[in-house]
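Heads up, the thing below is written out as structure tokens.
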Amino acid sequence: MVQTGEPAWRGHQIAEAVYRQWVTEISEITTLPKSLREKLVANDWQVGRPSIAQTFRSVDGTERYLVRCGTETVETVWMPEGDDGESGDSTEDSGPVEPAQGEAVQPPMLRAPSFRLLSGERVGDHKSRQTPESGPSELKRATICVSSQIGCAVNCQFCLTAKLGLQRNLTAGEIAGQVVSVLARHNVEVGRDRLNLVFMGMGEPFLNYDNFMSAARLLDNDVGLRPQRMTVSTSGIVPGIERFAQEPPEIRPKLAISLNAPNDAIRTEIMPINSKWNIEAVIDAVRKLKLRPRERITFEYVLLGGVTDHPEHAKEVARLVRRTGLPAKVNLIAWNPGPGIPYKMPTPESVEAFRASFVQAGISAFLRKPRGRDIYAACGQLKRTVEE
Ligand code: SAH
Ligand code: SF4
């Protein structure tokens, strides 16, 4: 706005319109004088957010979107009711909730998933639609999983996104824009509905630190989502964790660390980044965070059948977590398969034995429900699997 000779506060009015009212046309920004709107349109200015190019809907209600960012698309996931990943980390009003037994592990997929394409959408389409699971006044509870990069450079051996390599960083607007597009699609009432946000889609947020953090601020200040309901997951990028530790606690998301292995030897094998920053270096960096009251660090642990799911591993992880002295919880994720990735899913028995072992050791552990596996929307499955 300053560039066009207007006062800077006009820019705030535009941000308000785009991020609070989800306006997609300059002509609809009624807080701006009509003459200014006409001038901006005449000068080819545009407002908007990334559009949802394709939608895939899982049998469990999860939706995976291909969101258009420039000439490419990134993936964003909507999980109604969440995936229990946020259980027990102080965002729940009713305290820790153990997932129902048997929900955590599904039978292995015996054939390639089938996709159901719901729609090709344009910006602004949300106004005319109602989603199947939600009426206008029903209270919604959901988790949105957001991407921070197109592809990823970290090369974890079990992750499908790694196969893409890093294509590019997303801008702050593209990261926050994914959220706004999904909020608009589901007619979410910010402030009333229970929304959790996880920066756990494609990419490593701490290798795109400035844009990730600007997006988190934007989502807090302009969209109205609370940082206490956001979680960022990192594979253990130590300089990123150290910068994150400098952020004032009240404006930063919660932190999750992809631990994924009981010791450095196994971690280096499945996450080569561990040879740069090993478990101890990561934990030392995490210790620098000033935690909010009741805040806990989440350690994510992907169970790879025969590789990281041995009963001895559970004991080793429990000892490791206890030794950190951090208020922590463990999120167990049964590995989700992907084409060309040479791992096995853990058996339901080994997953349950793992969880029970933590309970016995007095460490909070939760099983993350695999969501949207049939549409490749589950953890580590995000990769453009259908070209437009
Ligand atoms: N890059 C960040 C965030 C995105 S990955 C990170 O690695 O933390 C989000 C989570 O999904 C991580 O904990 C990761 O270990 C896990 N994950 C990756 N591939 C997976 C797979 N195939 N099955 C289950 N979880 C997986
Ligand atoms: Fe990147 Fe995370 Fe996948 Fe590792 S698990 S390759 S850091 S997206």
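Which of rounded, prolate or oblate describes the stretch 249-380 when judged by the alpha-carbon gyration tensor and an a/c cut-off of 1.5? Walk me through the numbers before you get to the answer.
Working: a/c = 1.44, a/b = 1.40, b/c = 1.03.
Because its axes are fairly even, with a/c under 1.5, the stretch 249-380 counts as rounded.
Take the Cα radius of gyration of the stretch 1-78 and divide it by 2.2 N^0.38 Å, with N its residue count; two decimals is plenty.
Ratio of Cα Rg to 2.2 N^0.38 Å: 1.41.
With a 1.4 Å probe and all protein chains kept in place, how do Glu295, Glu349 rank by accessible area, largest first?
Values: Glu295 5, Glu349 130 Å².
The ordering from most to least exposed comes out as Glu349, Glu295.
Just to check, using Stokes-Einstein with a Kirkwood Rh over alpha carbon pairs, what's the diffusion coefficient of the stretch 293-345 at 37 °C and 0.692 mPa s in µm²/s? Could the numbers behind the result be given before it?
Working: Rh = 12.5 Å.
Estimated via Stokes-Einstein, D reaches 264 µm²/s.
For the stretch 180-302, what are Rg and Dmax over the alpha carbons, in angstrom?
Over the stretch 180-302's Cα set, Rg and Dmax evaluate to 15.3, 47 Å.
Considering the zone a paramagnetic label at Leu139 would reach in this model (a point 7 Å from Cα along the Cα-to-Cβ line), which residues of the stretch 178-193 have amide N under 11 Å from it?
Those under the cut-off are 192-193.
Restricting to Cα atoms and excluding each atom paired with itself, what does the Kirkwood estimate give for the stretch 140-191 in Å? Walk me through the intermediate numbers first.
Values: mean 1/r = 0.0791 Å⁻¹.
When all Cα pairs of the stretch 140-191 are included, the Kirkwood radius is 12.6 Å.
Determine which lysines satisfy two conditions relative to Lys39: a Cα distance under 28 Å, and not lying fewer than 8 residues away in the same chain.
Answer for Lys39, where 28 Å is the Cα cut-off: Lys127, listed by chain and number.
The values are calculated or read from the model by the stated rules, or taken from the named source; none is laboratory data. As the structure is a prediction and not an experimental result, all values here were calculated from the model. Don't worry about glycine lacking a Cβ; one is built from the backbone with ideal geometry, like all the others, and counts go over all protein chains shown. Accessible surface is based on the protein model in full, side chains and every heavy atom, while ligands, DNA and RNA are left aside. Shrake-Rupley method; radii C 1.70, N 1.55, O 1.52, S 1.80 Å.
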